[in-house]
Amino acid sequence: MSENLHPLDDLNDQMMRRRQELDEIIARGINPFPYSYPVTAHAREILDTFTDDAPQRTVSVAGRIMSFRRMGKATFVHLQDSTGKIQLYLRKDDVEQYALLKLLDIGDIIGVKGFVFRTRMGEISIHVQDYELLAKSLRPLPVVKEKVDDEGNKIVYDPFKDKELRYRKRAVDLIVNPEVKEVFIKRSLLVRAIRRFLDERGYLEVETPILQPLYGGAAARPFVTHHNALDIDLYLRIADELFLKRLIVGGFEGVYEIGKDFRNEGMDRSHNPEFTMMELYVAYRDYEWMMELVEEMLRVVAVEVTGGAEVSFGGPAISFAPPFKRMTMMEAIEDKIGENLRGVPEKRLQEVAASLDIELEPSMGAGKIIDEIFSEAVQPDLVQPTFILDYPLEMSPLAKKHRSEEGLVERFELFVKGQEIANAFSELNDPLDQRRRFEEQVRLRARGDDEAMAFDEDFVEALEYGMPPTAGLGIGIDRLTMLMTGQESIRDVILFPTMRPEQGS
RNA sequence: GGGGCUGUAGCUCAGGUGGUAGAGCAUCUGCCUUUUAAGCAGAGGGUCGAUGGUUCGAGUCCAUCCAGCCUCACCA
């Protein structure tokens, strides 16, 4: 393909016309893509601060043309900047470049200078005295029209709502669906709130390898890639855990990382192959202490992102005001099915599972079966923030044995709206026990569990140097964002969710 | 991976029982100097997701494939 990648005859009539306009603009000696514009104000702030009796205010704003109402010798335009939309009023008598308007389109970026006033119909607008094209748009946008009804509700006509297109063409989505932008602004607020919360407590933000020779720290299938120079396969990390704990061995007393993990699993409303995880490890603390930290952190985040500890998006209000409800896993199951499964033989567990219509794999041990029963029977009912604690040992190979309960580990997960939001434990720091746990994982793998962890000899070696007692925590940032912004799909809190490539591209 | 639904103009959608496509908005032309889903008059625009098949003839029927959504399974 040596010729033009986008031959003109491939363009539709609207794109053809915009290119002709571009040529015409250039022919008039105007640079359709100039270098800067002195912006002095933004839409939101102009609308918020306008008063009818104040003296006229002159502003320069820049943004994208979202609509035209051309009336011959006067034109109304809605200009959208990063903060919102504001109406422009251009009169032939007042604007030298009025004729150039004919060559502008919805989607073009312009800068305008003028004074703020209120129109006869009551809309705060800018009476433009001077304007400049800042970037010509060559592709038609999905046109969204909206109006505000008598009750103040915004009605949107012909919304750009095709989810596939919205995710694939996120730039367009952000332009025409302003509420999308809001979600991602809140996501940023949320991450910032967490970071500030942890920084204030003196924990150090670090970065650990994404490319790893051996993956670990969670039960999941990994992505594999290849390093050419070393000629070795590397895995994309499924968790940060084992590297962060090496840092605790190294003498840091509190470290955290916010970054992407990658799991080669199915995708659905709450799973994207790459997702953002926050992991925190604090020396000399245990999971009891960590529960209190999580309570306080989520309260702060909720206030920061939503304005209050009570979060509601149509459904039942979720309260992030501490303390959260706490139950052991066994209590939660007993509450639900009326039977305490503590120390119950595997045979009986299988019967209970069967009575709940839970399908079991032959590779599942007692602990895994209990977890299945919990996920199936209890988890969906955990709407308000609830800590579930003390998990079966065999499904938590990195967690420390419970100080008083045989066969359990000191681990908790936090559930909200039936979803796991946080996972934490008193970290296993006994290298001999860790070795045995890894060996058990190897046996599970042999039994057919392809999510069982690999034996990380180097990690055990690090523990052998001595790791202080430590509390560890992982929080799924995407899911937390879903909770705090009322989104139902993880794809609505990830700017560019994983998509199958389009055909032919 | 299983099941259900969907894919027609730039956007949102109509298109009984098969006869090569329509609407609103957007676009273009004309009129209109405080309009606002501006208005009025006219016009252009589509390899109907892809490929095969049945048929004189397929957006419409059949098969396969591609993509998306929902749902179940697995996982955070």
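Quick note: the coordinates plus some simple rules give every number you see, no bench work behind them. Everything numeric here is computed off the predicted structure, so don't read it as measured data. When we count neighbours, we look across all protein chains shown, and the Cβ atoms used for this are built from the backbone with ideal geometry, even at glycine.
Given a cut-off of 38 Å, what percent of all Cα-Cα pairs of chain A lie beyond it?
43 percent
For residue A:20 and residue A:355 in one chain, what is 0.36 nm times their gap in residues minus the Cα-Cα distance, to one decimal in nm?
113.5 nm
Compute the relative contact order of the stretch A:193-270 as a whole-number percentage, counting only Cα pairs closer than 8 Å that sit 6 or more residues apart in sequence.
35 percent
Show the residues, 5+ positions off or on another chain, whose built amide H is closer than 5 Å to the amide H of residue A:271.
Amide H neighbours of residue A:271: A:490.
Among A:280, A:247, rank each residue by its count of other Cβ atoms within 10 Å, from fewest to most, as a rough exposure measure.
Ordered by Cβ neighbours within 10 Å, fewest first: A:247, A:280.
Out of A:267, A:294, A:284, whose Cα points farthest toward the positive end of the dipole of the stretch A:244-298 (charges: +1 Lys, Arg; -1 Asp, Glu; placed on Cβ)?
Going by the Cα projections, it comes out as A:267.
With only Lys, Arg, Asp and Glu charged, each at its Cβ (+1 for the first two, -1 for the last two), find how big the charge dipole of chain A is about the Cα centre; round to the nearest 20 debye.
2260 debye
Whole Å is fine, so just give me how far the alpha carbon centre of the stretch A:439-505 lies from that of the stretch A:64-112.
Using only Cα atoms, the two centres lie 50 Å from each other.
Describe numerically, in nm with one decimal, the distance between label points set 7 Å from Cα along Cα→Cβ at residue A:70 and at residue A:496.
Using points 7 Å along Cα→Cβ, the separation is 3.6 nm.
Once phi is turned into ³J(HN,Hα) by the Karplus curve 6.51 cos²θ - 1.76 cosθ + 1.60 with θ = phi - 60°, what whole-Hz value does each residue of the stretch A:16-30 show in order, with x for glycine and proline?
Values per residue, Gly and Pro as x: 4, 4, 5, 5, 5, 4, 4, 4, 4, 4, 4, 4, 7, x, 9 Hz.
For the stretch A:36-171, what does the convex hull of the Cα positions come to per residue, in cubic angstrom?
135 Å³
Mind computing the radius of gyration and Dmax over the alpha-carbon atoms of the stretch A:135-176? Å is fine for both.
Values for the stretch A:135-176 (Cα only, Rg and Dmax): 12.5, 37 Å.
Reachable lysines from residue A:85, Cα under 30 Å, same-chain residues fewer than 8 places away excluded?
List returned: A:73, A:102, A:113, A:136, A:145, A:147, A:154, A:161, A:163, A:169, A:181, A:186.
How long are the three semi-axes of the equivalent ellipsoid for the stretch A:374-505, computed from the Cα gyration tensor as the root of 5 times each eigenvalue, in whole Å, largest first?
31, 21, 15
Please list the non-local residues whose amide H lies under 5 Å from the amide H of residue A:320, H modeled 1.01 Å from N, same-chain partners needing a gap of 5 or more.
A:310, A:311
Taking amide H positions as placed 1.01 Å from N in the peptide plane, with prolines and chain starts having none, which residues 5 or more places from residue A:84, or on another chain, fall under 5 Å of its amide H?
Amide H neighbours of residue A:84, under 5 Å, 5+ apart: A:43, A:44.
Can you list the HN-Hα couplings for the stretch A:33-43, worked out from phi with the Karplus curve (6.51, -1.76, 1.60; θ = phi - 60°), rounded to whole Hz and with x for Gly and Pro?
Per-residue couplings from phi come out as 9, x, 9, 6, 8, x, 6, 10, 7, 10, 3 Hz.
Please state, as a whole number in µm²/s, the translational diffusion coefficient that the Stokes-Einstein equation yields for the stretch A:234-324 at 20 °C and 1.002 mPa s, with Rh defined as the Kirkwood radius across alpha carbon pairs.
137 µm²/s
Are there chymotrypsin sites (Phe, Trp or Tyr not before Pro) in the stretch A:141-249 that DSSP puts in a loop and that have at most 13 other Cβ atoms within 10 Å, and which ones?
Qualifying residues, ordered by number: none.
Please work out the FRET efficiency for the pair residue A:436 and residue A:200, using the Cβ-Cβ distance as r and a Förster radius of 56 Å; give the result to the nearest 0.05.
That pair, residue A:436 with residue A:200, gives E of 0.90.
With θ set to phi - 60°, apply the Karplus curve 6.51 cos²θ - 1.76 cosθ + 1.60 along the stretch A:378-384 and write out the HN-Hα couplings as whole Hz, x wherever there is a Gly or Pro.
In residue order, the calculated couplings are 10, 3, x, 7, 7, 8, 6 Hz.
Roughly speaking, what is the stretch gain from residue A:461 to residue A:92, that is 0.36 nm per residue apart minus the C-alpha to C-alpha distance, in nm to one decimal?
So the extension gain works out to 125.0 nm.
Please determine, in degrees from 0 to 90 and to the nearest 10, the orientation of helix A:346-355 with respect to the longest principal axis defined by the Cα atoms of chain A, where the helix direction is its Cα long axis.
It is inclined by approximately 40 degrees.
Could you calculate the contour length gain from residue A:488 to residue A:232, that is, 0.36 nm times the residue separation minus the distance between their Cα atoms, to one decimal place in nm?
Gain on extension, residue A:488 to residue A:232, equals 88.2 nm.
Mind listing which GluC sites (Glu not before Pro) in the stretch A:103-168 are in a DSSP loop and have 10 or fewer other Cβ atoms within 10 Å?
A:151
What is the log10 of I(q)/I(0) for the stretch A:269-394, computed with the Debye formula using one identical point scatterer on each Cα and no solvent, at q = 0.09, 0.21, 0.22 Å⁻¹?
-0.35, -1.24, -1.27
Using DSSP to call loops (not H, G, I, E or B), can you name the trypsin sites (Lys or Arg not before Pro) in the stretch A:419-505 whose Cβ has at most 14 other Cβ atoms within 10 angstrom?
A:447
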